[in-house]
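S.K.: Dropping the structure in here first, questions after.
The values are calculated or read from the model by the stated rules, or taken from the named source; none is laboratory data. What you are looking at is a predicted structure, and each value in this text was computed from that prediction instead of being measured. Cβ sites come from the backbone with ideal geometry, for glycine too, and all protein chains shown count toward neighbours.
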Amino acid sequence: MSRSALASGSSIRFSPRPFAAGRAPAPVRILAGLVLPSALLLLWHNASTRGWAPPQILPAPAVAWSSFLDLLASGDLRTHVQASLIRVLISFALGSAAGLALGLAMGLSRRLDDLFGAVFHGINQVPTLGWLPVLIVVVGINDRLTHILIAQAVFVSVAINTQRGIRQVPERLVEVARAYRLSRTQSLRKVVLPAAVPQIFTGIRFGLANGWASLVVVELLVGSEGLGYLMSWGRQAFQLDLVLVAIVAVGIIGWILDAGLARLEGTFTAWRTGEAAA
Amino acid sequence: MNTWKLKFATLAVAAAAAFGMARAENPKVIRFGYPGTGTGGRPYVGGSFVAYARAAGLLEQEFKNDGIKVDWTFFKLAGPAINEAFANKLLDVTLLGDQAAIAGRAGGLNTKIVLATGVRGVTYVVVPPDSPIQSIQDLKGKRVALFRGTAIQLAANRILEANGLSEKDIRVVNMDGLAAQAALASKDIDALFTIGSGALQNQDQGIGRIIYSGKGDDKVIGYASGLLVDGDFEKANPQIVQRIVNVLVKAAQWSSDDRNRDALLQSWAKSGTSYSAFKRDLAGQDVRAILSPVIDDYYRETWKKAVADVKRFKFIRKDVDVDQWIDSRYVDNALKAQGLENNWTRFGADGKAVRVSAVQEP
């Protein structure tokens, strides 16, 4: 008996790409994806050349571009990107590991869910940065503050979505597992976890996005390296072109991180799409 | 030409003249900036003759009869915020320290320095009273507050450099002056760089011990500040700028007079920093020299050195031409008109007296 036999036994309602059919060919999609960025660039260009904003406050795209090349050549950009990435990856590893563990425990045990669930959903309602003032008082302004804050953002999101993913495994799937007389470990590995993967990944991706965004804010306060620092320094030094370079870098790196996770999710759930195509 | 056309043309010329006059009319308000606030954000400051002019309402008096208001803004976020206000055309005149002013100029702000408001500025390093830190070298690896983008950052970098260190050797926490004092009290930081009397106030409050003072440190040049005027404002209102400078030169003369020292310190104490802290900040300094409004060769040289250092520390990326920027015409006019040309000693680029003040020190 194979995993796919089990999976095809049920109608899967949460295929990762429900509307995947009818996608345009790649060149068209790439062109379509460039429409909005080009429009924004044009708006930015006009805003600075026509004096809608003072050139010191909104430097022209060309100015930001030359600053980008400067930062690239001097190696400064690499230093800042590296600092931010290391911070976020350490926190992400800690937060997602802990989040998976607690999420699994809460998903599998009603009792643990009763114990932690309410507090957890309460915590989830507080925006990550809402913890900042409290954490500053407790741990001080240092790198630990960054790690704790980002790990917390990832942790809560992963834990809640893992728990939810496991709870939402369709009853039919569990029944099939029971009918095949799978052991508890077997059904967990072969039925429950695979079915919960999309939801777990939602948690991980959301956590990383949230963590990345918060990182930048924390770096505004902490340290002398990182993209957030580059932004705050750009403002202090009255070089708003640096701020703009940092904003674009944050956007692009955040997008790459998310795309990476989406790819990873794709490999984890390849069996599903394979089924859908069959 | 028929008469109607003539009448019409005359009318048009008259209208244009009236419009031109309206354009040359005085502004309704002079927007005056100042870096920093008093304790708890109060709108009074200390340490300069401009602070005295503010406390005594001298500019308000000068412009009252013209119906011109003087609108003061004290910028908690100091120089960096003042540059943004200039860029957004929200400010006409301001006092500003060297680094932020240079950053603004390098960023393309159209400003002019029309008056000296301070030179040979003293920087302090303060640590908690029970701290083991004794010297600048001991700051290595420690959490040190300094206010990035302001004169404090330039001063700190010069002091660190003179002691064989750089910003990279310490853990910088970027904070404004008042926030840094609070962080020192709660020991969230190991040390702070600060300028002016706040350091002595911290000592009085028992939250700080001064381990370094710029007084008498010949290896490190003191910071400068100046009165900056928006270029467009100056072009449109040269008489107003002259009158502002006149009033401030008068305030400088009063402030430098030793007989008024007590009253001067009392006016500064409105800021919330104590009279005694200001008194000890000034102790051992050439008070007449630091309260001089005169733009002499030493003043120009101080700014040139500041530009070179700000560039070397990579706080700016474009150059700034100091000679194009400093305009001493207004202050020279004021000194002449008030017969104060010999009231202050003039210093050469090397810092040595060129023409000694006619006023006898007590």
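S.K.: Here are the criteria: (1) within 12 Å of another protein chain (Cβ to nearest Cβ); (2) assigned to a loop (DSSP other than H, G, I, E, B). Tell me which single one B:GLY79 does not satisfy.
M.R.: For B:GLY79, the failing item is (2).
S.K.: Of all residues in segment B:280-301 being assigned to a helix (DSSP H, G or I) and at pLDDT 95 or above, which is nearest to B:SER48 (Cα to Cα)?
M.R.: B:TYR299
S.K.: Being surrounded by 24 or more Cβ atoms within 10 Å (Cβ to Cβ) and more than 9 Å from chain A (Cβ to nearest Cβ) is the filter here; which residues of segment B:100-110 pass it?
M.R.: Selection gives B:ALA101, B:ILE102, B:ARG105.
S.K.: Taking segment A:9-54 as the search range and keeping residues that are surrounded by 11 or more Cβ atoms within 10 Å (Cβ to Cβ) and within 30 Å of A:ARG178 (Cα to Cα), which one is modelled with the lowest pLDDT?
M.R.: A:GLY9
S.K.: Would you say B:GLN134 is at pLDDT below 90 and more than 14 Å from every other protein chain (Cβ to nearest Cβ)?
M.R.: no
S.K.: Exactly one of (1) within 30 Å of B:ILE316 (Cβ to Cβ); (2) aromatic (Phe, Trp, Tyr); (3) in a helix (DSSP H, G or I) is unmet by A:PHE206. Its number?
M.R.: Among (1) within 30 Å of B:ILE316 (Cβ to Cβ); (2) aromatic (Phe, Trp, Tyr); (3) in a helix (DSSP H, G or I), A:PHE206 violates only (1).
S.K.: Can you name the residue in segment B:212-256 that is among the acidic types (Asp, Glu) and in contact (Cβ under 8 Å) with a residue 60 or more places away in the chain and, of all such residues, is surrounded by the fewest Cβ atoms within 10 Å (Cβ to Cβ)?
M.R.: For segment B:212-256, the residue satisfying everything is B:ASP232.
S.K.: Could I ask something else about it? Take segment A:137-175 and flag every residue that is assigned to a helix (DSSP H, G or I), within 14 Å of chain B (Cβ to nearest Cβ) and free of Cβ contacts under 8 Å to residues at least 60 places away in the same chain.
M.R.: A:VAL137, A:VAL138, A:VAL139, A:ARG144
S.K.: Answer yes or no: is there a residue in segment B:188-202 that is surrounded by fewer than 21 Cβ atoms within 10 Å (Cβ to Cβ) and modelled with pLDDT of 95 or more.
M.R.: no
S.K.: Still on this structure: Scan A:LEU104, A:LEU108 and give me the residue that is over 30 Å from A:ALA246 (Cβ atoms), more than 14 Å from chain B (Cβ to nearest Cβ) and crowded, with 19+ Cβ neighbours inside 10 Å.
M.R.: A:LEU104
Okay, residues lined up against (1) modelled with pLDDT of 95 or more; (2) assigned to a loop (DSSP other than H, G, I, E, B); (3) more than 20 Å from the chain's Cα centre (by Cα); (4) not basic (Lys, Arg):
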position: B:PHE315; (1), (2), (3), (4): no, yes, no, yes
position: B:ASP319; (1), (2), (3), (4): no, yes, yes, yes
position: B:ASP323; (1), (2), (3), (4): yes, no, no, yes
position: B:ASP332; (1), (2), (3), (4): yes, no, no, yes
position: B:LEU335; (1), (2), (3), (4): yes, no, no, yes
position: B:GLY339; (1), (2), (3), (4): yes, yes, yes, yes
position: B:ASN342; (1), (2), (3), (4): no, yes, yes, yes
position: B:GLY351; (1), (2), (3), (4): no, yes, no, yes
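S.K.: Here is a further query. Given the criteria free of Cβ contacts under 8 Å to residues at least 24 places away in the same chain, outside any loop (DSSP other than H, G, I, E, B), surrounded by 15 or more Cβ atoms within 10 Å (Cβ to Cβ) and among the basic types (Lys, Arg), does A:ARG178 qualify?
M.R.: Taking the combined requirement at face value, the residue does not satisfy it.
S.K.: Let me ask something additional. Give me the pairs, please: first residue somewhere in segment A:211-235 and within 12 Å of chain B (Cβ to nearest Cβ), second residue anywhere and part of a loop (DSSP other than H, G, I, E, B) and of a type outside the set (Ser, Thr, Tyr), beta-carbon distance under 7 Å, and either six or more positions apart or on two chains.
M.R.: Matching pairs, first to second residue: A:GLU219/A:GLY226; A:LEU221/A:ILE141; A:VAL222/A:ILE141; A:VAL222/A:ASN142; A:TYR229/A:GLY223; A:TRP233/B:ARG148.
S.K.: One residue is enough: does segment A:188-195 have a residue meeting the conditions assigned to a loop (DSSP other than H, G, I, E, B), farther than 21 Å from A:GLY130 by Cα and not aliphatic (A, V, I, L, M)?
M.R.: No, every residue in segment A:188-195 fails to be assigned to a loop (DSSP other than H, G, I, E, B), farther than 21 Å from A:GLY130 by Cα and not aliphatic (A, V, I, L, M).
S.K.: Can you name the condition, by its number, that A:VAL218 falls short on among (1) at pLDDT 85 or above; (2) buried (at least 23 other Cβ atoms within 10 Å of the Cβ)?
M.R.: The single condition A:VAL218 does not satisfy is (1).
S.K.: Being surrounded by 18 or more Cβ atoms within 10 Å (Cβ to Cβ) and closer than 15 Å to B:SER328 by Cα is the filter here; which residues of segment B:273-301 pass it?
M.R.: Within segment B:273-301, B:SER292, B:PRO293, B:VAL294, B:ILE295, B:ASP296, B:TYR298, B:TYR299, B:ARG300, B:GLU301 qualify.
S.K.: Still on this structure, I have one more. Scan segment B:148-180 residue by residue and report those that are free of Cβ contacts under 8 Å to residues at least 12 places away in the same chain and more than 12 Å from chain A (Cβ to nearest Cβ).
M.R.: Answer for segment B:148-180, where residues must be free of Cβ contacts under 8 Å to residues at least 12 places away in the same chain and more than 12 Å from chain A (Cβ to nearest Cβ): just B:GLU161.
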